[in-house]
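Comments concern the structure below.
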Amino acid sequence: MSEVAYEVEDIESTETGEAAEPFVATLPRISIQAFCASGDVANAIQTMAKDRRVARAHVGVQTTGIDGAITYFETAPTPNLLLLELTDGAESMIGELARLADVCDPGTKVMVVGHVNDVLLYRELISRGVSEYLVAPITPMQVIQAVAGLYADPEAEPLGRILAFIGAKGGVGSSTVAHNTAWVIANGFATDAIIADFDLPFGTAALDFNQDPTMSVADAVYAPERLDDVLLERLLTKCTENLSLFAAPGNLNRDYDLDPNAYDRILDIVRAGVPTVVLDLPHQWSGWVKNILMSADEIVITAEPDLANLRNAKNLFELIKQGRPNDKPPHVVVNKVGMPKRPEISPKDFAEALHASPAAVIGFDPQLFGSAANNGQMIQEMAANAKPNEAFTEIAKLLTGRVEARRKRASILAPLMGKLTGKPGKTGKKS
């Protein structure tokens, strides 16, 4: 087995079980009209409208201020949410909102962006029916979080997080990384999870978990209107107490040309039932694959350390960053490192080219991984002390928020402590 260090940066565990970043829900299908008085607020709202969490909402932005809003809604119905920027003081702000009330439909929520930071003003606005008050300057994520809070059902079950795994090339082991990570999340963390194998013709999840389901994800893809909680239970295969499988059919009985939105309803229903949904995506480029990547909560790209993988991973990174400006960049796993007689790009150089530290670097071990695949077992089942298990655990912790990845700074007391203990002070990263 190759002894490969699987961390490029130190990983400090927080063991909180909570996401490192606050979860922001996807906005429902609502109409939002923003009437702004400044370019900065208008730009923030326009940027917000491009975020993946706002894809279902219809957002319009105008720079005519509240006067424009009053004129506009004298002849047009008001939207679900009216967002107004008011630049005057408290007294003027109250008066302008009173004028707006004459043309505003009763069911419309009003969110105000003001330039006065005053808790008494906030209370006064709320008492007069304003749903939320934000103080400029505002950020796109601040607005999304505020709007999501207005439409959140306090009695609704929290939505599960979507973790999407894809390979930079075919055969790099993305499915293996996805399945073993899901195993750790479900069994190591005792968290309910579902693996959804979306590689319909060639998916291997059923084989890797030694399952032979009679129904598959294709039954839901081609009849999404029939999918409900009852049918979902029939389609899922129980792998362990906490882990269920949404298997691919794994045959060529039909052509799998799917609509870009083919999986939307499936994901809505699946994520409503469990905290974590692991998506095993095929190495292909189509509308539906792109849509899933752009809407996932976390993305993991698995790559081997060669030039073609680096090019593909870099292309994916750039596209995803461009389409998800308010999200963290994807995580990268460098797999099959140390293959005999193969020229390789070092994990360090691979990471520097992507401007991202790998979540894990996994050594080449065909005997271990081949035996696990042939036996329909996870690496943890095959060999509990195997080195790759550490990598899968760290990936699982990172994706579920149980660790915060960051570079540890050397303590200014390290040289002194080294002298006292007889050990050299730590001044850098692991080798």
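Only the coordinates and a few stated rules stand behind these numbers; no lab work does. None of these values were measured; they are calculated from a predicted model. Every residue, glycine among them, receives a Cβ derived from its backbone with ideal geometry; neighbour counts consider all protein chains shown.
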GNM, the chain, Cα, under 10 Å: largest mean-square fluctuation among Val147, Val361, Val116? Val116
Relative contact order as a percentage, the chain, C-alpha pairs under 8 Å and 6+ apart, gives 22
The Rg/Rh figure for the range 31-151, Cα atoms and Kirkwood Rh, to two decimals is 0.92
For Leu134, which sequence-distant residues (separation of 5 or more, or a different chain) have an amide H within less than 5 Å of its own amide H, given hydrogens modelled in the peptide plane? Val112, Val113, Gly114
Acute angle (nearest 10 degrees) that the helix 140-151 long axis makes with the longest principal axis of the chain, alpha-carbon atoms: 80
Spin-label point model (7 Å from Cα, Cβ direction): what's the Arg123 to Arg234 distance in nm? 5.7
Magnitude of the Cβ-charge dipole (Lys and Arg +1, Asp and Glu -1) of the range 188-256 about the Cα centre, nearest 20 debye, reported as 120
Extension length gain for Arg254 and Tyr151 (0.36 nm per residue less Cα distance), in nm, is 33.0 nm
Report the full-extension gain for the segment Gln377 to Gln211: residue separation times 0.36 nm, less the Cα-Cα distance, to one decimal in nm. 58.7 nm
Calculated SAXS-style log₁₀ I(q)/I(0) at q = 0.14, 0.17, 0.18, 0.20 Å⁻¹ - the range 217-258, Debye, Cα scatterers: -0.37, -0.53, -0.59, -0.70
Using a 7 Å offset from the Cα along the Cα-to-Cβ direction at both Asp40 and Ala308, what is the distance between the two label points in nm, to one decimal? 5.0
Quick check on packing: order 330-341, 102-113 by the mean number of other C-beta atoms within 10 Å, highest mean leading. 330-341, 102-113
Quick one: of Lys50/Lys169; Lys341/Lys397; Lys238/Lys290; Lys314/Lys348; Lys328/Lys387, which pairs are farther than 26 Å apart, Cα to Cα? Lys50/Lys169; Lys341/Lys397; Lys238/Lys290; Lys328/Lys387
What order do you get for Glu91, Glu96 when you list them from fewest to most C-beta neighbours inside 10 Å? Glu91, Glu96
Could you pull out the GluC sites (Glu not before Pro) across the range 199-285 that fall in loop regions by DSSP (anything but H, G, I, E, B) with no more than 12 other Cβ atoms inside 10 Å? Glu241
Do any trypsin sites (Lys or Arg not before Pro) in the range 128-216 lie in a loop, going by DSSP, with at most 14 other beta-carbon atoms within 10 Å of their beta carbon, and if so which? Arg128
5 Å is the cut-off here: which amide hydrogens, built 1.01 Å from N in the peptide plane, fall below it relative to Ser357, excluding neighbours closer than 5 in sequence? none
How much FRET efficiency would the formula 1/(1 + (r/R0)^6) give for Trp285 and Val135, where r is the Cβ-Cβ distance and R0 is 56 Å, rounded to 0.05? 0.85
Compute the acute angle (0 to 90°) between the alpha-carbon long axis of helix 307-323 and the principal axis of greatest extent of the alpha-carbon atoms of the chain; round to the nearest 10°. 20
Can you tell which of His283, His58, His179 shows the greatest fluctuation in a Gaussian network model of the chain with Cα springs below 10 Å? His58
Acute angle (nearest 10 degrees) that the helix 366-375 long axis makes with the longest principal axis of the chain, alpha-carbon atoms: 80
Search the structure for amide H atoms under 5 Å from the amide H of Ala272, placed 1.01 Å from N in the peptide plane, and list their residues when 5 or more places away or on another chain. Gly160
In Hz, Karplus ³J(HN,Hα) per residue of the range 32-42 (6.51, -1.76, 1.60; θ = phi - 60°; x = Gly, Pro): 10, 10, 10, 10, 9, 10, 9, x, 5, 5, 4
Under the 0.36 nm per residue contour assumption, what length would be gained going from the current alpha-carbon distance of Ser92 and Gln62 to full extension? 8.7 nm
Based on the Cα coordinates of the chain, what is the per residue volume of their convex hull in Å³? 188
Expected sort for 272-280, 252-260 on mean C-beta neighbours within 10 Å, highest first, is 272-280, 252-260
